[in-house]
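Working notes for the structure below.
Quick note: the coordinates plus some simple rules give every number you see, no bench work behind them. From a predicted model like this one, the values you see are computed outputs, not experimental measurements. Here Cβ is always computed from backbone atoms with ideal geometry, including for glycine, and neighbour counts include all displayed protein chains.
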Amino acid sequence: MLGEKLRDKRTQQNLSLRQLADQTDLTPSFLSQVERNLASPSITSLRRISAALGVPIFYFLLEDETGKQIVRRQERKSLNFPESLLTFELLSPGLSHKMEVIMARLQPGHATCDRQLSHTGEECVVVLEGAMDIQIGDETHHLEAGDSIYYLSSLPHRIVSTHKEKDLVFLSAITPPNF
C-alpha cells in the first residue's frame, strides 16, 4: 500500500523520481524500490518523502476514514521501523480532523530519528512508561512516566529513550495532523 500511495501522490504532483529524489536527498533507484514495495524507508526517509509531497507520514497507510470516530486496538494503523526499534500507532481515526494522536514505543538507548526534525504545528507529549530526553532546538529536557511537554513542532526536535531497562512509551497529540 505504501508504495502505491507514494507513486500515486508523486504522479499527481507531476514529479519524476529524479525530482522527488532531489527534494529528499534520496536516490531515484531507492524511491523506485519503495514504490514497488521492494524496499522499506527508514523513519527519516519517510519523513523526507512526506514533507516533499506535503502529506503526513500516516497518509501512506490510511484509507478514507471520514466519519469514523472509534479506533479499536486491533484496527490501529502502525508504522514499525525495525532498524531503530521504533513503533508508531495512530490512535485517532484518520487525518481529516484538526488533530492526530499517536502512541510510540522506543527501546532503551534509541531515538525517534537520527537528527532533529521539524514540522508545522504544535505537539503535546505525555510519557506513559520509561523515560526520555527530548531535544528541542538547543535545549534538552528529561521526562519520566507521568510527565508531559508542550512545544511548537516547527522547532527541530528529537526524542531519545533513556531508561536503562524499560521501553519508552509515549502519547503525542499533534495539530494539525502531519506526522
- For the chain, please report how many Lys pairs fall under 29 Å Cα to Cα, leaving out neighbours fewer than 8 apart on the same chain. 11
- In whole Hz, the Karplus estimates of ³J(HN,Hα) for the range 128-142 (6.51, -1.76, 1.60; θ = phi - 60°; x where Gly or Pro) are 8, 9, x, 8, 8, 10, 10, 9, 10, x, 8, 9, 10, 10, 9
- Message: Could you derive backbone 3J(HN,Hα) for the range 110-127 from the dihedral phi with the Karplus parameters 6.51, -1.76 and 1.60 (θ = phi - 60°), listing whole Hz in sequence and x where the residue is Gly or Pro?
- Response: 10, 10, 5, 7, 5, 9, 4, 10, 10, 7, 5, x, 10, 9, 10, 10, 10, 7
- Message: Ranking request for peptides 5-16, 155-166: highest mean number of other beta-carbon atoms within 10 Å first, then the rest in descending order.
- Response: 155-166, 5-16
- List the extent of the Cα atoms of the chain along each of their three principal axes, largest first, rounded to whole Å. 45, 36, 27
- Item | Contour excess over end-to-end distance, with Cα ends at residue 129 and residue 167 and 0.36 nm allotted per residue | 13.0 nm
- Query: Using the Kirkwood radius built from alpha carbon pairs, what does the Stokes-Einstein equation give as D for the range 2-55 at 10 °C and 1.306 mPa s, in µm² per second?
  - Reply: 149 µm²/s
- Message: Once you place label points 7 Å from the Cα toward the Cβ at residue 148 and residue 61, how far apart are they in nm?
- Response: 2.3 nm
- May I ask for the angle, rounded to the nearest 10°, between helix 43-53 and the longest principal axis of the chain, with both axes built from Cα atoms and the value confined to 0 to 90°? 50 degrees
- Residues of the range 156-178 with amide N under 14 Å of a point placed 7 Å along Cα→Cβ from residue 116: 156-160
- How big is the gap, in Å, between the Cα center of the range 4-43 and the Cα center of the range 76-133? 23 Å
- With DSSP loop assignment and no more than 10 other C-beta atoms within 10 Å, the trypsin sites (Lys or Arg not before Pro) in the range 62-140 are 72, 98, 115
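Under a Cβ-only charge scheme (Lys and Arg +1, Asp and Glu -1), can you give me the dipole magnitude of the chain about the Cα centre, in debye to the nearest 20?
560 debye
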- Query: Given the Cα-Cα distance of residue 76 and residue 37 and 0.36 nm per residue of separation, how much length would full extension add, in nm?
  - Reply: 11.9 nm
